[in-house]
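Engineer: Dropping a structure here in structure tokens format, bear with me for questions.
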Amino acid sequence: MQIIKVLPRRGLGSNSYILTNDLRNAVLVDCAAPTLYDGCLSLGLNPVAVVLTHGHFDHVGGCGKFYENGVPIYCGEREKNYIFSAENKSISTKVPIPDFEIEKTFEDGEEIMLGRVKFKVMFTPGHTAGSVCYFTEKTVFTGDTLMRLAIGRTDLPTGDEKALLGSVKKLLSLETDYKVLCGHLKDTTIFYERRRCTYFN
């Protein structure tokens, strides 16, 4: 599998990821900016799905462009209603939540195949009530749950510090040293974060 990390030129510091297993079809994990759609095309890739770790504006800002072009968008089952809620839309008035619909939601532990990329979903509430992480091969996409030497904030609507720490603890207890591709900051690994963990002190 080839993974292409994209940092939107005029984005909000959020990481979006383009995944392809056949160099023809692309699946995006989070979608910060509309420019990502043309970015896929310029790479010769056909976008076939967008999966969201959570629904904050800096992770869904490009979803409208994909939806307009018939690309289905997915998220965790407990995040769908929050994405389009007034409380989520109120977080940023300068970067509005675009108009799109969720094709399907995922449950904890569900395994899915999109564009020849196989994912397993882990429910990781805390940053938002419906945040999820996606595992594929030896990589985990953690959104804003776990980042390099950092964890997500919990002061926004539906944030819950106790739940987030539980989710982080679940990730750090994994027996496989997954590469962590997060919503912000640089890449890391599960074992690196475990060795340097200060979240529970």
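Engineer: Across segment 167-183, what is the total count of residues that are in contact with a Ser or Thr (Cβ under 9 Å, 6 or more places away or on another chain), open to solvent by 40 Å² or more (accessible area, probe 1.4 Å) and not aromatic (Phe, Trp, Tyr)?
Structural biologist: Qualifying residue count for the region: 3.
Engineer: Could you identify the single residue in 88, 81 that is open to solvent by 90 Å² or more (accessible area, probe 1.4 Å), of a type outside the set (Ser, Thr, Tyr) and in a helix (DSSP H, G or I)?
Structural biologist: When all the criteria are applied, what remains is 81.
Engineer: Quick one: in segment 167-201, which of the residues that are in contact (Cβ under 8 Å) with a residue 12 or more places away in the chain and β-branched (Val, Ile, Thr) is nearest to residue 146 (Cα to Cα)?
Structural biologist: Residue satisfying both the conditions and the ranking: 168.
Engineer: Moving on. Give the residue, chosen from 48, 71, that is assigned to a loop (DSSP other than H, G, I, E, B) and touching a residue at least 24 places away in the same chain (Cβ under 8 Å).
Structural biologist: 71
Engineer: If the requirement is being out of contact with any Gly (no Cβ under 9 Å at 6 or more places or on another chain), of a type in the set (Ser, Thr, Tyr) and touching a residue at least 60 places away in the same chain (Cβ under 8 Å), which of these qualifies: 136, 128?
Structural biologist: 136
Engineer: Take residue 69 and tell me if it is surrounded by fewer than 14 Cβ atoms within 10 Å (Cβ to Cβ) and more than 21 Å from residue 181 (Cα to Cα).
Structural biologist: yes
Engineer: Condition check: assigned to a helix (DSSP H, G or I), basic (Lys, Arg) and on the phi < 0 side of the Ramachandran plot. Does residue 186 satisfy that?
Structural biologist: no
Engineer: With the requirement that a residue be open to solvent by 10 Å² or more (accessible area, probe 1.4 Å), outside any loop (DSSP other than H, G, I, E, B) and closer than 23 Å to residue 6 by Cα, what does segment 123-144 give you?
Structural biologist: Once the filter is applied, which keeps residues that are open to solvent by 10 Å² or more (accessible area, probe 1.4 Å), outside any loop (DSSP other than H, G, I, E, B) and closer than 23 Å to residue 6 by Cα, segment 123-144 yields 135, 139.
Engineer: A further question follows. Return yes when residue 166 is within 24 Å of residue 81 (Cα to Cα) and not in a loop (DSSP other than H, G, I, E, B) and no when it is not.
Structural biologist: Spelling it out, residue 166 is indeed within 24 Å of residue 81 (Cα to Cα) and not in a loop (DSSP other than H, G, I, E, B).
Engineer: Hey, could you check segment 96-111 for residues that are part of a strand (DSSP E or B) and of a type in the set (D, E, K, R) and say which is least open to solvent (accessible area, probe 1.4 Å)?
Structural biologist: This residue is 104.
Engineer: Can you confirm whether residue 60 is within 18 Å of residue 120 (Cα to Cα), open to solvent by less than 70 Å² (accessible area, probe 1.4 Å), at pLDDT 95 or above and among the β-branched types (Val, Ile, Thr)?
Structural biologist: Numbers: within 18 Å of residue 120 (Cα to Cα): no; open to solvent by less than 70 Å² (accessible area, probe 1.4 Å): yes; at pLDDT 95 or above: yes; among the β-branched types (Val, Ile, Thr): yes.
So residue 60 does not fit the description; no.
Engineer: Can you name the residue in segment 145-162 that is out of contact with any helix residue (DSSP H, G or I) (no Cβ under 8 Å at 6 or more places or on another chain) and closer than 15 Å to residue 187 by Cβ and is also surrounded by the fewest Cβ atoms within 10 Å (Cβ to Cβ) among such residues?
Structural biologist: Looking at residues that are out of contact with any helix residue (DSSP H, G or I) (no Cβ under 8 Å at 6 or more places or on another chain) and closer than 15 Å to residue 187 by Cβ, I get 150.
The values are calculated or read from the model by the stated rules, or taken from the named source; none is laboratory data. Here the structure is a predicted model, which means the values were calculated and not measured. Neighbour counts run over all protein chains shown; Cβ positions are idealised from the backbone, glycine included. Side chains are part of the model used for accessible areas, which takes the heavy atoms of the whole protein and leaves out ligands, DNA and RNA. Shrake-Rupley method; radii C 1.70, N 1.55, O 1.52, S 1.80 Å.
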